[in-house]
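Read through the structure below, which is laid out as structure tokens, and then see the notes.
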Amino acid sequence: MKEIVAIGSIALDDVETPYGKRQGAVGGSLTYFSFAASLFAPVALVGVVGKDFPMEVLEALKKRGCDIRGVEIREGRSFRWAGKYIQGQEDPQTLKTELGLFAEFDPRPPEDYLKTRILYLGNLSPSLQRVLIRRIEHEISAMDTMNHWIESNRGELISLLQEVDILFINKKEAEMLSGQHGSFPSCQRLLEMGPKMVVVKRGEAGALLCSQEDQAVLPAFPVKKVVDPTGAGDSFAGGFLGALASGATPRRALATGIALSSFTVESFSVDRLSGVTGKEVEERLRILRELVSF
């Protein structure tokens, strides 16, 4: 049985922030998630890339203990995204989206991926997420979503929530999907819609967790300079589920997700995240613990 099977996008990004530009930066939900989660548990990846993708990144994940046999390498172009972050605005302005091979992505996990402790489904269509939840045997299922699916596949997405254990969603999307205003009312309403746990990612405001057994809120880790926010939410989910796989409580998993996302925003792409050590994570968890003590 695999510890974590993760399915999502592997991409190349053209990113501009107030601190500079990066062309062809390594990105994608699966990439950020896997670099974060593999600090705590091995991850089996399912994705697709073209031959334009830097293979050394996949090798780096392999060295971290990830199983990359589920990543297809095909002729054609990898998923590409271009975006610009404006000072004072949390969400980026999307300049270009080229799905490339990801437009035809039909996940076919290797046979030994079909049984896992934790199944993570990145930003995929609700119909594809449903197929994968039912196809892959798992103990815990977790998923992310986005405003596009909320607007275009709302009914299907709401139905899917009854089959998932953990929903990761940002504050804006939580309000859209729940019809509520504010993080906590949105979280509570989404919990009533089916998931066993809802985690609302709130950017600079940290994160909120709601379940039938617990409620918890933590601030973001104080980062001196946010160079590039791309991938922060995906690395948060990776830190959260990686910690959960290693035996952490949901509250500690929440703190771990916050710690991992704080490393991501300190650089472009996975430059900082890919080199993070367990010792560095523990130090940020210690600081977070002090921040919320009184």
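Restricting attention to region 61-98 and to residues that are in a loop (DSSP other than H, G, I, E, B) and either touching a Phe, Trp or Tyr at 6+ places or on another chain (Cβ under 6 Å) or polar (S, T, N, Q) (or both), the residue that is modelled with the lowest pLDDT turns out to be Gln89.
So which of Leu58, Leu30 is within 16 Å of the chain's Cα centre (by Cα) and of a type in the set (A, V, I, L, M)? None of the other options fit; the residue is Leu30. Only one of the numbered conditions (1) within 21 Å of the chain's Cα centre (by Cα); (2) surrounded by fewer than 20 Cβ atoms within 10 Å (Cβ to Cβ) is not met by Glu111, and that is (1). Note on region 30-52: residues that are surrounded by 24 or more Cβ atoms within 10 Å (Cβ to Cβ), out of contact with any Leu (no Cβ under 6 Å at 6 or more places or on another chain) and either at pLDDT below 95 or over 18 Å from Gly239 (Cβ atoms) (or both) total 2. Whenever a residue of region 212-234 is under 18 Å from Ala174 (Cβ atoms), its partners that are among the charged types (D, E, K, R), lying with C-beta atoms within less than 6 angstrom and at least six residues away or across chains, give the pairs Ala216/Arg251; Ala220/Glu204; Gly233/Lys201. Scanning region 237-273 for residues that are within 13 Å of Leu39 (Cβ to Cβ), over 15 Å from the mean Cα position of the chain (by Cα) and among the polar types (S, T, N, Q) yields a single hit, Ser246.
For Gly24, the conditions (1) more than 14 Å from Ser78 (Cβ to Cβ); (2) more than 13 Å from the chain's Cα centre (by Cα); (3) among the small types (Gly, Ala, Ser); (4) not in a loop (DSSP other than H, G, I, E, B) all hold with the exception of (1).
The values are calculated or read from the model by the stated rules, or taken from the named source; none is laboratory data. The structure displayed is predicted, hence computed values, not measured ones. For neighbour counting, all protein chains shown are included, and Cβ atoms are generated from backbone atoms with ideal geometry for every residue, glycine included.
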